[in-house]
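Contents: one structure, followed by commentary.
Rule-based calculations on the coordinates, nothing more; no lab input. Everything numeric here is computed off the predicted structure, so don't read it as measured data. Methodologically, a virtual Cβ is constructed for each residue, glycine included, from the backbone with ideal geometry; neighbour enumeration extends over all protein chains shown.
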Amino acid sequence: MIHHLYNPSFEFVHKPVVFDKNTDRGLLQYCLGATLYMPGTKEIIEKIINKNILEYTSMVMCCEDAIDVNDLSKAEDNILKHLSLLSKAVLEEKIEIGDIPLTFVRVRNPEQFRSFASRLNEDHVQILSGIVFPKFTSYNGADYLSILYSINQKYGCSLYCMPLLEGRDIAFKEIREKELLAVKQLLSPFQNLVLNIRIGGTDLSSLFAVRRGINYSIYDILTVKDCLTDIVNYFGRVDDDYTISGPVWEYFLAYTNDSIDQILEKNIHLSLLNRHEIINEAIDGLLREVILDKANGFVGKTIIHPSHARFVNAMQAVTKEEYDDAEQILKTSGGVIKSKNANKMNEINPHRSWAQKTHYRAQAYGVVPDGRSYLKLIMGNS
């Protein structure tokens with residue numbers, strides 16, 4: 001896979017790299033980008049084999065909230081069929097492993113995961129990238145992790161996990177810090193198998209009977225903002241090695257290119273933060289929230305509509321000024337130096353962790369000339 005294939009004519013300063021499920025975890029955890037959640041009953045085999053999926057590069061086939069419990073067997077059968085047929089297509093050289101989006105299964109609970117795991121075979125795990133653990137807690141986490149570890153031992157593979165933090169123990173202040181510490185300690189021995197920490201923004205909101213509207217972000221919901229703050233505090237520290245994805249944006253509207261020339265003239269960051277319309281209220285809201293995600297250390301975002309992928313992934317790209325600063329910092333041993341653009345100081349030791357993260361993002365999503373390039377990358381030839 002490679003990001004931004006929908007816009008092959010875009011001129012990067014540095015192009016994004018190619019990646020697949022076997023890419024080193026250090027880089028791969030930054031490559032997830034816009035991760036599309038879909039019901040486990042959805043048929044997408046032909047789109048993958050025919051290479052009709054250019055915009056999203058990671059997906060989750062869901063056996064939990066996205067389906068009715070009565071459809072669980074149907075979803076499991078469909079997922080296994082997809083994995084089998086994709087494995088066969090790779091074997092027959094119809095596609096390469098790098099043509100397949102990073103594919104995860106969101107299981108329902110440890111019991112269902114154990115049952116589903118018993119149905120996996122060697123062909124399946126060659127295609128599958130990992131498992132999403134919903135409502136992950138210190139109480140059920142050991143069961144989830146032991147089952148995953150057993151699969152990896154049995155097949156000699158490296159299936160990853162993505163714990164989803166979204167339940168009452170995370171939402172409610174009086175128990176949250178104790179729970180986050182317990183979860184972190186539980187995950188620590190398995191850190192090499194944790195590809196990403198995911199956050200269930202919708203579930204957290206529901207526990208307070210609130211829902212963010214189209215004209216404001218998850219950061220405006222104070223109770224959920226508190227949860228996000230504490231999750232980043234526990235899992236986003238510089239001495240840890242976790243990436244955390246931004247919560248899902250729930251709204252989607254179609255857009256057209258009728259006024260693309262006018263759109264491309266706009267300063268995306270200034271317009272969004274001043275709430276000047278760029279595309280439409282749903283897409284502008286998504287872009288505004290992605291800017292806040294990035295500012296707070298999140299990488300990528302859960303999405304529920306394919307049209308969101310290009311917006312999220314384009315905004316992960318690094319500007320040339322950011323890239324120059326990061327490379328300067330990483331190549332300097334210490335002290336304080338003037339940035340290449342001579343508009344800021346780069347203090348080497350305090351900024352080194354930011355620089356390393358920026359370096360990985362640049363590899364995964366590419367380097368664009370400047371902030372005005374984001375909309376050009378987004379709009380492409382659609």
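Take every DSSP beta bridge whose two residues both sit in the chain, then give the antiparallel share in percent to the nearest 5.
Of those bridges, close to 15 percent are antiparallel.
Could you give the angle, 0 to 90 degrees to the nearest 10, between helix 72-91's Cα long axis and the longest principal axis of the Cα atoms of the chain?
Taking Cα atoms only, the helix is inclined about 70 degrees.
Tell me, Ile304, Ile221 in order of fewest to most beta-carbon neighbours within 10 Å?
Ile304, Ile221
What do the square roots of 5 times the Cα gyration tensor eigenvalues come to for region 1-106, in whole Å, largest first, as semi-axes of the equivalent ellipsoid?
Result for region 1-106: semi-axes of 26, 16, 13 Å.
Could you work out how far helix 222-235 tilts from the main Cα principal axis of the chain, as a 0 to 90 degree angle to the nearest 10?
With both axes taken from Cα atoms, the answer is about 80 degrees.
Normalised by the residues of region 331-382, what does the relative contact order come to in percent, with Cα pairs under 8 Å and at least six apart?
20
Which of these values of Cα extents along the principal axes in Å was calculated from the structure shown: (1) 58, 50, 45; (2) 61, 56, 40; (3) 70, 53, 38?
Only one option fits the structure, namely (1).
Between Phe172 and Asn215, what is 0.36 nm times their sequence separation minus the Cα-Cα distance? Round to one decimal in nm.
12.9 nm
What's the angle, to the nearest 10 degrees (0 to 90), between helix 173-187's Cα axis and the longest principal axis of the chain?
With rounding to tens, the tilt is 70 degrees.
Count neighbours as other Cβ atoms within 10 Å of each site's Cβ, and list the trypsin sites (Lys or Arg not before Pro) in region 194-254 that are DSSP loop with at most 11 such neighbours.
Arg211
Compute the separation of the alpha-carbon centres of region 111-133 and region 50-74 and state it in Å as a whole number.
14
Among Thr332, Val368, Asn280, pick out the residue whose Cα is farthest towards the positive end of the charge dipole of the chain, where Lys and Arg carry +1 and Asp and Glu carry -1 on C-beta, about the Cα centre.
Farthest towards the positive end: Thr332.
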